[in-house]
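The values are calculated or read from the model by the stated rules, or taken from the named source; none is laboratory data. Small disclaimer: the values here were computed from a predicted structure and weren't measured. Here the Cβ positions follow ideal geometry from the backbone for every residue, glycine too, while neighbour counts run over all protein chains shown.
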Amino acid sequence: MRNSTPMAEEQTIGSILLADCGTVMTKVILLDQVNGQYRLVAQGEAPTTSEYPWGDVTEGIRHAIEQITEITGRTFLDGQGDIITPEQDARYGVDAFAATTSASPPLSVVLGGVTRDLSVASAERAVSGTYSHIKAILSAERREDAMSEEAFVRTIREARPDVICVAGGTDGGATVPVLNLVKSVAIACALMEEGIRPQVLYAGNVQLRQRIANLLKDRVTVRMADNVRPTLTEENLADAQAELNALYLQRKMSLLPGFDVLNSWVQLPIEPSATMFARLIRYLWHLGDPTRGVLGVDVGAANTTIVAVFNGRPYLTIQGGMGSAFGGKSLLRRRRGQPVVRWMPEDVDIEEAYGVLLNAEMRPATIQQDMRELRLAHSLARETLRAALAIARPG
């Protein structure tokens, strides 16, 4: 149950429960003060329960908390299965509970821009800092070369994205290619049923904002963000990423089964796991030498997150759909599986590798049974990291 007293008014915060609901597994840790310092007291882990047959993400959290109860002998849940806050004595409840999640499906995105190497590339990097999956990329260059307006419209309709991210033109720069692209977006959205129309995020030439709004009004919801490429040599991704994260919360996270109950337990907003991981790496940067950078990597079951911090500024990249359990099949299709099996210390048949990785996707909560399978899993992780780093630092 949520405490009615804001955390800022609490005299002290002693015990803290932190939960992270991943795609496959849910982890909960208990922190408490020992001799005036916070220490990790216990940890529990259980399969994530957002899908059938549970259909409630809080069930997995309860299962993990029960493991901590067995370890510590402390009670954290009341008779209704809700978190007890604040702590009432040393064995009953906790002072604070917080949660992160990456269990929701990613945003489906169509990107549009003027030039592939500038505005489109910047928009792609902005999207890669969120839980999103790019379904299609539309470039005004391609339209001049091959793709007609009809092809643009068809691509958008077939992708059925949650959001269309349009960039292009430096501030005060190109106008006609951007407006033509937005006209195609407007036609595509008008041809879609109202209930499945995407939202549009415009992150291009700021001088076109009013004209963009006029083209799309009465058809779709339009969000405005700072230009991701305000000059030819400057890139500004933060505002576009903030808008995409807000959309992810609205259209994906908030629809996670059990989200309302989970939200009633926490004292702070539920955050995407990658966002909190970025804050952790930034905190580590502050603890070290400020002249040096810090790199953090998290290979999850379905997402790989890379955070680099330089001069206190975090750079976040999420490789969606690729992790320790998912994405192996698509990697094996590249160059007949060589990107993955090249990391193996012994020869591996591609069909054998495909079977092992397919089994991992079908049963993502299982662990490898022999050293050969473990090495293949490590090979997949290495190639996943390489692919994510290629996005984070192109070239």
Where A98 falls short, out of the listed (1) surrounded by fewer than 19 Cβ atoms within 10 Å (Cβ to Cβ); (2) touching a Lys or Arg at 6+ places or on another chain (Cβ under 8 Å); (3) part of a strand (DSSP E or B)
(2)
List the number of the failed condition for N263; all other conditions in (1) part of a loop (DSSP other than H, G, I, E, B); (2) within 24 Å of G60 (Cβ to Cβ); (3) not hydrophobic (A, V, I, L, M, F, W, C) hold.
(1)
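For I83, are the conditions met, namely being assigned by TED's automatic domain parsing to the domain that holds V34, modelled with pLDDT of 95 or more, of a type in the set (V, I, T) and over 23 Å from F259 (Cα atoms)?
Values: assigned by TED's automatic domain parsing to the domain that holds V34: yes; modelled with pLDDT of 95 or more: yes; of a type in the set (V, I, T): yes; over 23 Å from F259 (Cα atoms): no.
No: the conditions fail for I83.
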So W343 ticks every box in (1) surrounded by 14 or more Cβ atoms within 10 Å (Cβ to Cβ); (2) not in a loop (DSSP other than H, G, I, E, B) but one. Which box is left unticked?
(2)
Residues to consider are V356, V299, V341; find the one that is within 26 Å of L244 (Cα to Cα), among the β-branched types (V, I, T), out of contact with any His (no Cβ under 8 Å at 6 or more places or on another chain) and not assigned by TED's automatic domain parsing to the domain that holds D239.
V299
Could you tell me which numbered condition P106 fails, if it satisfies all but one of (1) over 29 Å from G129 (Cα atoms); (2) surrounded by 19 or more Cβ atoms within 10 Å (Cβ to Cβ)?
(1)
Condition check: in contact (Cβ under 8 Å) with a residue 12 or more places away in the chain and either out of contact with any Pro (no Cβ under 6 Å at 6 or more places or on another chain) or within 27 Å of T317 (Cβ to Cβ) (or both). Does E141 satisfy that?
yes
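For the subset of region 360-395 comprising residues that are more than 15 Å from V341 (Cα to Cα) and β-branched (V, I, T), which member is surrounded by the fewest Cβ atoms within 10 Å (Cβ to Cβ)?
Within region 360-395, the subset more than 15 Å from V341 (Cα to Cα) is 360-370, 388-395.
Then keep just the ones that are β-branched (V, I, T); that gives 366-367, 391.
On the way: T366: 12, I367: 9, I391: 17.
That would be I367.
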Which pairs have Cβ atoms under 9 Å, sit 6 or more apart or on different chains, and link a residue in region 256-282 that is farther than 19 Å from D95 by Cα to one that is among the hydroxyl-bearing types (S, T, Y) and surrounded by fewer than 16 Cβ atoms within 10 Å (Cβ to Cβ)?
D260/S254
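With the condition kept exactly as written, say whether any residue in region 275-291 is in contact with a Phe, Trp or Tyr (Cβ under 7 Å, 6 or more places away or on another chain), assigned to a helix (DSSP H, G or I) and modelled with pLDDT of 95 or more. Steps first, answer last, please.
Filtering region 275-291 down to residues in contact with a Phe, Trp or Tyr (Cβ under 7 Å, 6 or more places away or on another chain) leaves none.
No, there is no match, as no residue in region 275-291 is in contact with a Phe, Trp or Tyr (Cβ under 7 Å, 6 or more places away or on another chain), assigned to a helix (DSSP H, G or I) and modelled with pLDDT of 95 or more.
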Tell me yes or no: at least one residue of region 45-52 is at pLDDT 95 or above, touching a His at 6+ places or on another chain (Cβ under 8 Å), outside any strand (DSSP E or B) and closer than 30 Å to Q250 by Cα.
yes
